[in-house]
Every structure is written in C-alpha cells, then in structure tokens.
Amino acid sequence: MKNNTPYAHPAWIEVDLAQFKKNILNIRKFIKNKKICVPIKANAYGHGLIPIAKAAEQAGADYLAVSCLQEGVLLRQAGIQHPILAFGPVYKDQVDDFVKYNLELTISSLAKAKLVSQALPKNHKIKVHVEIETGMQRTGVRTDSARQLFGFLDSDKRFIINGIYSHLATADQANNRFAQKQVASFTQFIKEINNRYPDAIIHLANSGGVLYYPESHFDMVRPGKLVFGYIDDQQKITQPIFSVKAKIAYFKVVQAGEGISYGHTYETKKNTRIITVPIGYGDGYRRVLSNRAEVLINNKRYPQVGTICMDQFMVDIGEDSAYVGDEVVLIGKQGDQEITLPELAEKSSTISSELLCGFNDRLPRYYHDQDTQFWEFDSLNSRLSH
Ligand SMILES: *Cc1c(COP(=O)(O)O)cnc(C)c1O
C-alpha cells in the first residue's frame, strides 16, 4: 500500500474504513454465531480490492469471496491470508493457479469437476464449494444431478469439500414467495445430504437473505451490498462508506438564453453563474445523469446542468458564489446535506452496485480509518511522480 499522495488530481473517491469495519461487526451481531463471508468482487464493489480486503480481515471476517481467479491472485500477492472463495466458473488452464494461490473454487457441474480432476497435478489437493441450483438459473448443479457429482468428488480424494452453497434470485425484498421457495429447496437438499460432509460450510444468504430470511443463514452468510451499506435496511445495521468529490475547475457568469455543454440540452433562463467540475463519464459519473443529478457546494444542493462530458460537467449555482478549488460533493455528505448513491441510482434507472463498480482508476482513492489515512491509486497515478 502506498502512503504517498497521488499526483495532484482534482477529483477523488473517499472510503470510510472505520465505518466499513463497524458494518461487518454489526452484521456479525445481527446473524449471531454464523460465519461471515465478505464478497469483494469487482474491485470490492468499486471501493478498492486490497484496502477493503485488509479491513475485512482486521474486522474478523471469516471468508472473502471474489468472482474470478485474477481477483484472488491479486489478494494473495498483496499478502491476504484469509480463505478466499471464487464464485465464478473455472477453466482448465486456471486450475494450477487456484492450487498455487490456495484459492477455493466453485464446482457447479460434473463436467467442471472432471475438468478440475484432469488438470489437477497428481499430489495436489483442491478446496472446493459445490454450488447447487435452486432457482437463480445462472450456474449450479441441479439437485437431481447432484448425487452423481458428489459421487465423483468422493471418488477423487484430492477434492476437499469445504462448502455447499446456492444463490438467491429474489431475496432483496421481504416475504418474497420465490425466495421462500428457494430457501425451502436448499434446506431440503441439505437435509437429504444428511451430514455426509460434516466439515462443509453450508451457505446461501446474500444481503437480502441476511436481512429478510433468517432461515437462509445456515453456517455462513455472504452479504455484499449490505456490508457496503447499500440495501434498504430499515434496521440501519450498516452505513454507506463511499464518497466522490472534486474541486471546482472554472467559474463564469453566463447571460440568459445561453446553451450549456454538448447539444445545448440546458439553456439558462436568466443571468446566472456556472461552475465547471473536472470529472465526467470517463471516471464513472454516468452521462445518463445529465440534467438530473445534483451536487453539494458549500453545504447546499445545486443542479448539474447540460450534458455530462467525458471529463467535466457544469453546475448552475444561480446567484451564489463559489471559487475555483472549492470542494464539490457528487456522492456523500457535506455539512448537513447528503447526496446518496440510491438517489443517483434511481435517476439513472439502475442499482447502486452498478454505479459503484463504474468508478474507475483515473480517480485516486483516499482511505481513512480511526487513526490512519492513506491514498491508493493505480495505473495512471502510480506511474507519475511529483
Ligand atoms: C455477488 C454475490 C453475493 C453478494 O450479493 P449482494 O446482493 O451484493 O449481497 C453473494 N453470493 C454470490 C454467489 C454472489 O455472486
């Protein structure tokens, strides 16, 4: 982890690691004695893979989960020791690295099990979690084919079955009939296996499962959105930890009747003041938010106006003043005001998770914990020097 500050860049992400750890502790209290697996796929939902993994370890998470081999390797190379499960598919040419980096993989069919068995070096063992299809229809072995798959895994002593799991498709609301049905199918399946794998961790619950379906908790839960504070959580178990900020780049006075930005999608109605903010869809601030989003400057909400460009956008501040270098909050708090990610997600017809994953590495990330602060940045910034 680098402790230097990034090459002066006027827009950045802030991540509150202290609150992130509290989120994990609060979820742990909520689920009582169950284990907690923290999904940190897709760059930890845009929060930054390595710092989030380290914080999750410190907060006592039992497992980390990624989507693909590449994410797991990055974690091991950064010194992460915790068990890591990859949810995604495994390919023949990846098996060596799954073993080498001690990553646990998902077996979702007999074909996958055979492929791993063939590619696995003779004396190596591999830790696997068997994924059961109960209604997501993404990956997972159907319950009526599972017996054959387990038979195959039992016959090859190199397989260590560390877990058996499934995934809920409709659990993000309470009292959903299909989610209840999935929980029931999985429960029935686990009953039928009847302690054949006493050491295997049984897991099913995503964020919705944790909040609304206590009977889905089994031995371990896998809350992603919830751990990052993004699911409608009446009980306020977790809080968001992600902010996006920038410094005003430009200030001007504009006459009435002027078109602003590409296509002139906004026209000033009276003489007004327009400021320019140096961040755009090239950083992950989605163009679909044009003329819909609001931002905070000096503890006040202002409308974003005109089409959002790749690297910049404009804000109409009316008769107010603001100066080059003043802080603009795109997501997060300023004074007693807050722009939330769900608010922007609704305005762009998507979910918070998608917006989070869209913020990329042109933006340096600033992390703060109780008594530490550090910058983390990738490709672009790390090749520059002051
Ligand atoms: C992404 C994912 C999760 C976490 O989902 P959330 O809805 O963000 O809680 C859990 N399990 C699996 C298999 C996943 O792919």
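Structure values in brief
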{"quantity": "Qualifying positions in region 187-233 - open to solvent by 20 Å² or more (accessible area, probe 1.4 Å), more than 8 Å from the ligand (Cβ to nearest atom), at pLDDT 95 or above and closer than 25 Å to residue 346 by Cβ", "calculated": "212"}
{"quantity": "Single residue of region 64-78 satisfying the filter (open to solvent by 40 Å² or more (accessible area, probe 1.4 Å) and assigned to a loop (DSSP other than H, G, I, E, B)) that is nearest to the ligand (Cβ to nearest atom)", "calculated": "67"}
{"quantity": "Residue among 322, 345 that is assigned to a loop (DSSP other than H, G, I, E, B) and either within 16 Å of the ligand (Cβ to nearest atom) or at pLDDT 95 or above (or both)", "calculated": "322"}
{"quantity": "Those residues of region 247-267 which are assigned to a loop (DSSP other than H, G, I, E, B) and more than 34 Å from the chain's Cα centre (by Cα), in sequence order", "calculated": "255, 256, 257, 258"}
{"quantity": "Any hit, region 238-249, residues being open to solvent by less than 80 Å² (accessible area, probe 1.4 Å) and over 21 Å from residue 343 (Cα atoms)", "calculated": "yes"}
{"quantity": "Any helices (runs of 4 or more DSSP H) falling wholly within region 91-167 and containing at least 1 residues that are among the basic types (Lys, Arg) and free of Cβ contacts under 8 Å to residues at least 12 places away in the same chain", "calculated": "95-100, 143-155"}
{"quantity": "Within region 287-334, considering residues that are of a type in the set (Phe, Trp, Tyr) and crowded, with 18+ Cβ neighbours inside 10 Å, the one farthest from residue 47 (Cα to Cα)", "calculated": "302"}
{"quantity": "Total residues in region 268-286, condition open to solvent by 30 Å² or more (accessible area, probe 1.4 Å) and in a loop (DSSP other than H, G, I, E, B)", "calculated": "5"}
{"quantity": "When residues of region 168-222 are limited to those that are outside any helix (DSSP H, G or I) and β-branched (Val, Ile, Thr), the one farthest from residue 131 (Cα to Cα)", "calculated": "170"}
{"quantity": "Residues satisfying the stated conditions in region 22-56, i.e. among the charged types (D, E, K, R) and over 23 Å from residue 87 (Cα atoms)", "calculated": "22, 29, 32"}
{"quantity": "Boolean, residue 61 is touching a helix residue (DSSP H, G or I) at 6+ places or on another chain (Cβ under 7 Å) and part of a helix (DSSP H, G or I)", "calculated": "no"}
{"quantity": "Subset of region 300-319 [within 24 Å of residue 271 (Cβ to Cβ) and not in a strand (DSSP E or B)]", "calculated": "306, 307, 308, 309, 312, 319"}
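Okay, residues lined up against (1) among the aliphatic types (A, V, I, L, M); (2) without any contact (Cβ under 8 Å) to a residue 12 or more places away in the chain:
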position	(1), (2)
195	no, yes
225	no, no
230	no, no
246	yes, no
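The values are calculated or read from the model by the stated rules, or taken from the named source; none is laboratory data. These numbers come from a predicted model, not from an experiment. Methodologically, a virtual Cβ is constructed for each residue, glycine included, from the backbone with ideal geometry; neighbour enumeration extends over all protein chains shown. Each accessible area value is taken on the protein alone, full model and side chains, heavy atoms only, with ligands, DNA and RNA left out. Shrake-Rupley method; radii C 1.70, N 1.55, O 1.52, S 1.80 Å.
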